[in-house]
1. Please determine whether any residue of the stretch 265-274 is surrounded by 18 or more Cβ atoms within 10 Å (Cβ to Cβ), modelled with pLDDT of 95 or more and among the small types (G, A, S).
2. Scan the stretch 298-319 and tell me whether some residue there is of a type in the set (V, I, T) and either touching a helix residue (DSSP H, G or I) at 6+ places or on another chain (Cβ under 8 Å) or open to solvent by 10 Å² or more (accessible area, probe 1.4 Å) (or both).
3. From the list F440, F426, which residue is open to solvent by 10 Å² or more (accessible area, probe 1.4 Å), out of contact with any Lys or Arg (no Cβ under 7 Å at 6 or more places or on another chain), of a type outside the set (V, I, T) and under 23 Å from A499 (Cα atoms)?
4. Suppose we keep only residues that are buried (at least 17 other Cβ atoms within 10 Å of the Cβ) and more than 18 Å from S265 (Cα to Cα) within the stretch 207-244. Which one would you say is nearest to the chain's Cα centre (by Cα)?
5. Under 8 Å between Cβ atoms, at least 6 apart or on separate chains: pull out the pairs that start in the stretch 349-363 with a residue that is in contact (Cβ under 8 Å) with a residue 12 or more places away in the chain and farther than 23 Å from G52 by Cα and end on any residue that is surrounded by fewer than 21 Cβ atoms within 10 Å (Cβ to Cβ) and small (G, A, S).
6. Return the pair list, or none, for Cβ contacts closer than 7 Å from residues in the stretch 61-87 that are over 18 Å from A134 (Cβ atoms) and outside any loop (DSSP other than H, G, I, E, B) to residues that are β-branched (V, I, T) and open to solvent by less than 20 Å² (accessible area, probe 1.4 Å), at least 6 apart or on different chains.
7. Take the conditions open to solvent by less than 20 Å² (accessible area, probe 1.4 Å), touching a Lys or Arg at 6+ places or on another chain (Cβ under 7 Å) and not small (G, A, S) and apply them to N469. Does it pass?
8. Taking the residues in the stretch 30-54 that are out of contact with any strand residue (DSSP E or B) (no Cβ under 7 Å at 6 or more places or on another chain), assigned to a loop (DSSP other than H, G, I, E, B) and hydrophobic (A, V, I, L, M, F, W, C) as candidates, determine which candidate is most open to solvent (accessible area, probe 1.4 Å).
Amino acid sequence: MFRVSIICVLATLISDSRADAQARPAAPFSAITFTDVTAAAGLVDPIAGMLGHGGAWGDYDGDGRLDIYVGGFCDRPDAEYNPADGPVPNCLLRNLGDGRFDRIAAEQVGIHGRTSGALFADLDNDGDLDLYVANNAKASPRDSTKQQDPDTIQAQAKRVHSRVYRNDGGKFVDVSASSGACPDSLHTARNVGLLDYNSDGLLDLFIVEDRFTAKPRSVLLRNLGGLTFQDVTHEAGLPDDVFGLGLAIADINNDGRADIFVGHSNRCFLSGPGNTYHEPPSLAKTFAWQPLDNEDWPCGAAFGDLNRDGRLDLVLAIHGVRARNRVYLNEGIRDGVPHFHDVTAEVGFPAEVPTRCPHVEIQDFDNDGWPDIYFSAAWLDGDGKVTPLVFRNVGINAERGMPRFVPPRKIDAPMVYFPAGPSGDFDADGRLDLLLVNWFAGNHTRLLRNECGGDNGWLKVQIVGRKTNRMGIGAKVRVYGSGQLGKPEALLGYQEIAAGYGYASGHEAIAHFGLANQPSVDVEVTLPGGKVIHKTGIEARQRLVVSESKE
């Protein structure tokens, strides 16, 4: 068991912050600390040798504990899976509640494919979580499969398309063929996103396809009910040539409907009349990317309110060997279009990180009330300790509204990266832990338990929809100081309920807020469709379940 400490505050930045009379500082120093509990959790052997690429959290059995799904690529030579004898199938791991996980029978979802993302989601609105597995099929005339025995695991893995599984009382049933959610035309699937694009109370799917196929085409799949889907990409006004890797979905034009940002092509589609989408030229210009080389790819994306001004900002993770990650502040809406400004250098980010940074999240890991920025990159020391790349939010300058971030240590090589790395509170202690899904020999998938900010309060907000979707996807949650509901100056945090953001990762559909020393707060929830629910005097350190009425 390794303790991973992140030194969160640089002396020069503290000095600068104190010198600014207008600064709104973060809570007092508290190191963001993780402990590697992979072995103690029983996760070493089940995933040993897996070329892991996709990972998801979700309480699939409804016992109140987060379970894990991990998948990887099974098309490589046997030797690459050492210490396993050959390709390692995808793995479903049940949380036993005592810090350990148990592998579920492989015949349920233990496929051999090229899994590039996964997501637990209630796709049939029956109250339990189904599972979508995005696979990156590679069968083509140029494929080396022609020179392989077509019956080998590796050859078959290249032909496996995406899969969707219905949850039947905690057991998964493959309904891919009948669902319409896994069309044969969708080959190189990457990220899986959730939204209710037409506001009918059913969760639709947006599946990102990468550019490494003849005619890449990301698709919007409308949920028709009963776990059946229809391709409505054209009907919704989305173009045929959208390729990408990561994905972020949120209502950034404030019309009550989900907007879509696709990483790599860096295209942003805003919702419009008649359940359609359009691509504003101003946003195309803002997010345009000039690559350094053929592998300098924008990848993961995440929306979050970095400076607590009630607007969703955007952070973009880069898959290049010199990752030039980007931070864009939301400056408000003009003529119906949100305007973003690149403030990467101003907020303290380095010009580059010396490793790929595929996945990104905006989360408050130390519960000090200020959202931090985490990338699925890390330092792997000689003694086996892993230090994940979490930039701590040390507060903002009130006059300029500019958040400031500091890294855990000097940004310097050597570093490693993990394709997927979703956060989730597996031990239900109010602190967000990390599942780092490993690809490379010499490393392994890791579970890092968050042990920082123990004196700080927190609040998890879960939405249960009735007329709207059961998971509350798209609901907007604002938290205010107690007795100050609706006052902008008292806003402690703003989030939109989402799952499947960043890259290759799936999340629990909750909003997690750090509350620092706030003993209680007021909560405002705006449901998809506009209905507002107020909860006042809510005590910290709990999971608040807000249910929509049936009326």
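The values are calculated or read from the model by the stated rules, or taken from the named source; none is laboratory data. Worth saying up front: this structure is predicted, and the values here are computed from it rather than measured. FYI the Cβ positions are ideal-geometry reconstructions off the backbone, even for glycines, and counts take in every protein chain you see. With ligands, DNA and RNA removed, areas are computed over all heavy atoms of the protein, side chains included. Shrake-Rupley method; radii C 1.70, N 1.55, O 1.52, S 1.80 Å.
1. yes
2. No; the residues of the stretch 298-319 include none that is of a type in the set (V, I, T) and either touching a helix residue (DSSP H, G or I) at 6+ places or on another chain (Cβ under 8 Å) or open to solvent by 10 Å² or more (accessible area, probe 1.4 Å) (or both).
3. F426
4. Ranking the qualifying residues of the stretch 207-244, first place goes to L221.
5. Here the result reads A351/A345, each pair linking the stretch 349-363 to a residue that is surrounded by fewer than 21 Cβ atoms within 10 Å (Cβ to Cβ) and small (G, A, S).
6. Pairs that qualify, where the first residue is over 18 Å from A134 (Cβ atoms) and outside any loop (DSSP other than H, G, I, E, B) and the partner is β-branched (V, I, T) and open to solvent by less than 20 Å² (accessible area, probe 1.4 Å), are Y81/V88.
7. The answer is no for N469.
8. Selected residue: A39.
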